[in-house]
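A quick write-up on the structure given underneath.
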Amino acid sequence: MPITTPDLADAFRLFGERLAEERDALTRLDQAIGDGDHGINMDRGFQAVLGSLPTFLDDGPGALCKQVGMRLISTVGGASGPLYGTFFLRMGTAMGTAEKLEPVELVAALRAGLEGVIQRGKAVPDDKTMVDAMRPAIEALEVSVGGDWQEALASAACAARQGRDRVTPLVARKGRASYLGERSTGHQDPGATSTTILFESLHDALATIS
Amino acid sequence: MKKLINLPDRVVEEALAGMVAAHGDLLRLEEPNVLVRRDAPRQGRVGVISGGGSGHEPMHGGFVGRGMLDAACAGAVFTSPVPDQMLAATKAVDGGAGVLHIIKNYTGDIMNFELAAELAQAEGTEVASVVIADDVAVQDSLYTAGRRGVGGTVLAEKIVGAAAEEGADLQAVKALCQRVQDNARSMGMALTSCTVPAAGTPTFELSDDEMEIGIGIHGEPGRRRVKLASADEIADMLVAPILEEGVFARGDSVLAFVNGMGGTPLIELYVVYRKVDEILRARGIEIARNLVGSYITSLEMAGTSVTLLKLDDEMTRYWDAPVHTPALRWGV
């Protein structure tokens, strides 16, 4: 049950569609503790990705991820552009030139993406950022990837949701939300929310592969 | 939302097209959304570029021209531009003497400029960067993104642009920019919120009898929300934390910049300036130069910010040097 380039493209397409649906909700979260543009920016970037997606399918999953990353860096702006862009670029680099991926290889690529996000954004756990959803999701995949793939993906999506919700009561220490200090407590982090949607999309698109 | 727009997604492009139509003698437009000084690149001169989210007009595009910026990158409203833009701007102004990036301290701006600088250097252009972080409303600690770049940016762009115009080299231009940053402090406040066109609803809510002290230029909340006060009391609330910084002392000469946030009329800015002048006089601090007007705004937000810059002779001379841009013009 290796994962092919079209499989991964389906997951990214689903993520883009979910971002479009959640555009206003993400923006409302960002209005509360940021500058009110997260949904707008992510939607603009993924609309550009979706428009180009058919042209990204010729050279394997690694090339697909790199092109998605470059497109996001060129279209999203803000902090989300370099962060999500770096995530997909590093995933692509980790995948190399393989034509198909075993689940364990996809998980390793996700880990490389996470390390890239941390390097670029310098967030540590509990800073209340996308890392707080991304890290537990990938750790959940790493412990469960040897077993049932569908359950592994479900556990990742669940861990992302828990991570997102776990930091809601905390004080934000990165990005524009950090300017609020104590006033950021109780607000759900927009970046952790969009990252949760990513892992839900990976589950919904890839769990049926067998 | 009542705005003079056509489509929310077209605001930035249409405004840039309007700027070029109005000021074609000073600037040209390059893809993607970069305003470039018309005669750039100037051989042997350091190029000075900046950029940031749109919605702060006239900053930065209104400061492109003789004696100030060589190029400005316009992001989406309140969103950092993308590295492609800073790379295009850097290449467009590279006259062989290097390019200075003036970056306001926001997480997104820093990351996108960093990526662009890496790409430009890989292509053989020498790039130096200075981060402006002058907003005293934000605690500079490990637990925040650090102080925001606000009013001091305008002053840095003017002073540094004059030095580049006279032929200062990249290291000198960078050192001067850093000195402006180190000697500038700002504090702002808002009477009303603002609405990002693509969002359609106000970024935050303020009731009729409230104001936000320490507001950022993207509607990010500040230090505290308090009951509305008089202009004199507000001027006190803005100047006091600036003076507490320990940068300004009796006998110093300063540039005092009273800025409008976009929705505040000039008559009110002068009411504020009057009090700022009175406070500084009482402290024995001389206002040697001033700037009053809306130069770094937050869409239609009503409010003001005060920036003080401790001047030295070189900064003063560069401040007085000729400038010819859409938004600042003297000596020409």
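Where a number appears in this text, it was derived from the coordinates with a stated rule and is not lab data. Owing to the predicted nature of the structure, the values given are computational and were not obtained by experimental measurement. Every residue, glycine among them, receives a Cβ derived from its backbone with ideal geometry; neighbour counts consider all protein chains shown.
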Where both residues lie in the protein assembly as shown, what percent of DSSP beta bridges are antiparallel, nearest 5? 55 percent
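Expressed as a rounded percentage, what relative contact order does chain B have, with Cα pairs under 8 Å and six or more residues apart?
After rounding, I find 18 percent.
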Sum -39500 (n - 2.57) across every DSSP H segment of at least 4 residues in chain B, then divide by the residue count to get the 222 nm mean residue ellipticity, nearest 500. -10000 deg cm²/dmol
Take every DSSP beta bridge whose two residues both sit in segment B:1-155, then give the antiparallel share in percent to the nearest 5. 30 percent
Counting Lys +1, Arg +1, Asp -1, Glu -1, what net charge surrounds B:Gly96 among other residues with beta carbon under 11 Å of its beta carbon? 0
Does segment B:11-183 come out rounded, prolate or oblate by the C-alpha gyration tensor, with a ≥ b ≥ c the root eigenvalues, rounded set by a/c under 1.5 and, if not, prolate when a/b is larger than b/c and oblate if not? rounded
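What is the dipole size for segment B:92-204, taken about its Cα centre, with +1 at each Lys and Arg Cβ and -1 at each Asp and Glu Cβ, in debye to the nearest 20?
Value, rounded to 20: 500 debye.
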Which helices of chain B meet both criteria: a Cα extent of 27 Å or more along the helical axis and a mean Kyte-Doolittle score no lower than -1.0, with helices taken as whole DSSP H segments? none
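To make sure I understand, if each residue's beta carbon is the centre and we count other beta carbons within 10 Å, what order do B:Arg45, B:Arg185 fall in, fewest to most?
Taking fewest neighbouring Cβ atoms as first place, the list is B:Arg45, B:Arg185.
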The residues B:Phe248, B:Phe204, sorted from fewest to most surrounding Cβ atoms within 10 Å, come out as B:Phe204, B:Phe248
Efficiency of FRET from Cβ geometry, B:Ala175 and B:Glu123, R₀ 22 Å, rounded to 0.05: 0.30
With the dipole of segment A:5-206 worked out from charges on the C-beta (+1 for Lys and Arg, -1 for Asp and Glu) around the Cα centre, which of A:Phe88, A:Ala156, A:Gly175 lies farthest toward the positive end? A:Gly175
Shape of chain B from its Cα gyration tensor (a ≥ b ≥ c, root eigenvalues): rounded if a/c is under 1.5, otherwise prolate when a/b > b/c, or oblate? oblate
Just how large is the dipole of the protein assembly as shown about the Cα centre, in debye to the nearest 20, putting +1 at every Lys and Arg Cβ and -1 at every Asp and Glu Cβ? 860 debye
A:Glu102 versus A:Thr168, label points 7 Å from Cα toward the beta carbon: distance in nm? 3.9 nm
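Given contacts defined as C-alpha pairs under 8 Å and at least six residues apart, what's the relative contact order of chain A, whole-number percent?
24 percent
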Once you list every other residue whose beta carbon is under 12 Å from the beta carbon of A:Gly78, what net charge do they have if Lys and Arg are +1 and Asp and Glu are -1? -2
Cα centroids of segment B:305-332 and segment A:100-151: how far apart, whole angstrom? 50 Å
Among the lysines, which fall within straight-line cross-link reach of A:Lys122, defined as a Cα-Cα distance under 17 Å, with same-chain neighbours fewer than 8 residues apart omitted? A:Lys174
Where q = 0.10, 0.12, 0.13 Å⁻¹, what log10 of I(q)/I(0) comes from the Debye formula for the protein assembly as shown, counting one point per Cα? -0.79, -1.09, -1.25
Tally Lys and Arg at +1 and Asp and Glu at -1 over the other residues with C-beta under 9 Å from the C-beta of B:Trp319: what net charge comes out? +2
What is the order of B:Asp182, B:Asp94, A:Asp204, fewest Cβ neighbours within 10 Å to most? B:Asp182, A:Asp204, B:Asp94
Here the FRET efficiency for A:Glu151 versus A:Thr185, based on Cβ atoms and R0 = 51 Å and rounded to 0.05, is 0.90
Three-way shape call for chain A based on the alpha-carbon gyration tensor, with the a/c threshold at 1.5: prolate
What distance in nm lies between label points placed 7 Å from Cα along the C-beta direction at B:Ile287 and B:Asp9? 4.6 nm
